[in-house]
Structure formats: structure tokens, C-alpha cells
1. For the structure I just gave you, tell me whether TYR10 is assigned to a helix (DSSP H, G or I) and either touching a strand residue (DSSP E or B) at 6+ places or on another chain (Cβ under 9 Å) or surrounded by 12 or more Cβ atoms within 10 Å (Cβ to Cβ) (or both).
2. Quick check on ILE62: is it within 17 Å of the chain's Cα centre (by Cα) and surrounded by fewer than 10 Cβ atoms within 10 Å (Cβ to Cβ)?
3. Mind counting the residues in the range 20-34 that are under 11 Å from the mean Cα position of the chain (by Cα) and open to solvent by less than 80 Å² (accessible area, probe 1.4 Å)?
4. Among the residues in the range 35-51, are any outside any helix (DSSP H, G or I), open to solvent by 100 Å² or more (accessible area, probe 1.4 Å) and of a type in the set (Val, Ile, Thr)?
5. Can you pull out every residue in the range 34-56 that is of a type in the set (Val, Ile, Thr) and within 18 Å of HIS20 (Cβ to Cβ)?
6. Out of ALA59, ALA35, which single residue is touching a residue at least 12 places away in the same chain (Cβ under 8 Å) and out of contact with any Gly (no Cβ under 6 Å at 6 or more places or on another chain)?
Amino acid sequence: MTQEVEPSAYDKERINHINHLMDTIHGSTSEIYEALIDRDFTTLRQEIKELQVILKDIAISIEDDI
């Protein structure tokens, strides 16, 4: 029988952060979809910029891990 190990407080915090980040990305891509469908280019540009910032922040944050 394998015993499950409880994640550390650090791992729980990390998982919560990742889940929040992914929810934000998902929301942003949904907004981009809607803006494309509605041809709402003002909203589309803003959502794309916001998503780019999020993705750039992720890329920067993993530089030390690579």
C-alpha cells in the first residue's frame, strides 16, 4: 500500500497560484474569443495586451528555473 504524502504549505500555495493564473488565462482567452466573434476590436486589443503581460510575466518568472 502506498501512503499519500500531504503537500507542503509551499506546494499548496504554489498550486493555488497556478490555478489562479490558469483561471485568469482561461478568462482572457474566452474574452478574446467573444471579442473576435463580436468584432469588438477595442476589447480584443486590450485583452490581447493583458494576456501578453501575463504570459511575459510567466516567462520571466521561470528564467531562473531553466
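The values are calculated or read from the model by the stated rules, or taken from the named source; none is laboratory data. Values in this document were obtained by computation on a predicted structure and should not be read as measured data. Neighbour counts run over all protein chains shown; Cβ positions are idealised from the backbone, glycine included. Note: accessible area is taken over every heavy atom of the protein model, side chains too, but ligands, DNA and RNA are not part of it. Shrake-Rupley method; radii C 1.70, N 1.55, O 1.52, S 1.80 Å.
1. It is false that TYR10 is assigned to a helix (DSSP H, G or I) and either touching a strand residue (DSSP E or B) at 6+ places or on another chain (Cβ under 9 Å) or surrounded by 12 or more Cβ atoms within 10 Å (Cβ to Cβ) (or both).
2. Spelling it out, ILE62 is indeed within 17 Å of the chain's Cα centre (by Cα) and surrounded by fewer than 10 Cβ atoms within 10 Å (Cβ to Cβ).
3. Going through the range 20-34 one residue at a time, the tally reaches 6.
4. no
5. Of all residues in the range 34-56, those of a type in the set (Val, Ile, Thr) come to 37, 42-43, 48, 53-54.
Answer for the range 34-56, where residues must be of a type in the set (Val, Ile, Thr) and within 18 Å of HIS20 (Cβ to Cβ): VAL53, ILE54.
6. Numbers: ALA59 fails: touching a residue at least 12 places away in the same chain (Cβ under 8 Å).
Matching residue, one of ALA59, ALA35: ALA35.
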